[in-house]
Every structure is written in C-alpha cells, then in structure tokens.
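Taking it in order: structure first as structure tokens, then the write-up.
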Amino acid sequence: MGQIPLEKEFKGLRAYYSVFKKLLHFIARSLPMYPGWRAALHRFRGVRIGKNVFIGIDVFIDSTYPEIITIEDSVTIVARTFIIGHSFNPIHLEKVLNKNNAPKKQGVIFRKGCYVGAQSIILPGVEIGECSIIGAGSVVTEPVPAYSVAVGVPAKVIKSFSKQDVMEEYL
C-alpha cells in the first residue's frame, strides 16, 4: 500500500477501468500519430478537450483524474509537458504538506488559444488564460492571466499583450 492511501475509485472493478485509462494514456504519450488522434485518445480517457487542439508527443496529462483537466479550443501543448491536476500527500507528511487544507483534486484549465512550451510543468489549481504563452521549461504554480507571457521556475509573467495582437481568424 505504501504511504499514499488508495482511494475508493481504484478498488474492485473500478481498478480495471483505471488500468484501461492508463493504457490509453501510454498509447497517447508514446506512439507517433496525428495530433488529432492523440487528443481523441485523451478525450476518451476523460480529459475535456475542445476543437483544434495540438498535444505533442510525450505529454503527461494527469493519469489518475484526467476528468479534472480542461483544454479549450485552439490550445497548443508542446512535447514532454507534465500536467498534474491533483495531489496526494504521504500520510506521515500530511500535516506539513497540507497546512491550508487545500483540496486534493483542483484541476487545471487551459483557456482558448493558449500555448505551452516544451517540457513545462503545470501544477494543480492553475488556469492558463486565453492566448497566454508559457515559455519552455517553465513550472507554473499560479494562474496566468489572459494575453500574457510567463516563463521561469516558478513561472512569472514577464510581458502582456493586447487582444489585437492575436490573429483571431485562426482561433
């Protein structure tokens, strides 16, 4: 069992469904395919995905609770990005890691037209605003406002731009 308690969702017959979703996740992450197929596999796993979404190879989208991840239309997520929508704390460190009694399943939202650079890490409770840009290798720990550029570890907004700078006809 280890130091992380097993939740009800992963016991009994539900465990088989969990294994099936993990298999789909492995296929979506690993095999070369059209990006639309990759998005379709993640949709089938439970991720809420809009239209015209690009998900690169080896993108990890929460394997335990994919249904708490929302990706709106025209979002681009480049290779090797990690998207984590929940947290489990080891029992012996619960008092230290969960001081504010934060919910375990917070989710992640990617708003319309945002772009996430390669090898970024998106943590629970984050909303990436409409048409925002996340620089490669960034660790996003807080919400990113619409029409902004965030980079670094942890990611910080370094620039904002206007809606007029975006070519709306491609969204």
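Please treat every number below as a calculation from the coordinates, not as lab data. What you see is a predicted model; the values in this text were computed from it and never measured. Cβ: placed from backbone, ideal geometry, glycine included. Neighbour counts: every protein chain shown.
Quick notes
- With a Förster radius of 41 Å applied to the beta-carbon distance between residue 156 and residue 16, the computed FRET efficiency rounds to 0.45.
- Taking the chain and dividing mean pair separation by its residue count, relative contact order in percent (alpha carbons under 8 Å, at least six apart): 14
- DSSP bridge analysis restricted to the chain gives an antiparallel fraction near 20%, rounded to the nearest 5.
- Mean projected area of the Cα convex hull of the chain, taken over all directions, amounts to 10.6 nm².
- Cross-link pairs beyond the 32 Å C-alpha cut-off, checked among 51/159; 105/156; 95/163; 22/95; 22/163: 95/163; 22/163
- Once the Cα atoms are used to define both axes, helix 14-30 deviates from the longest principal axis of the chain by about 40 degrees.
- The label point for residue 93 and the one for residue 163, both projected 7 Å from the Cα toward the Cβ, are 4.3 nm apart.
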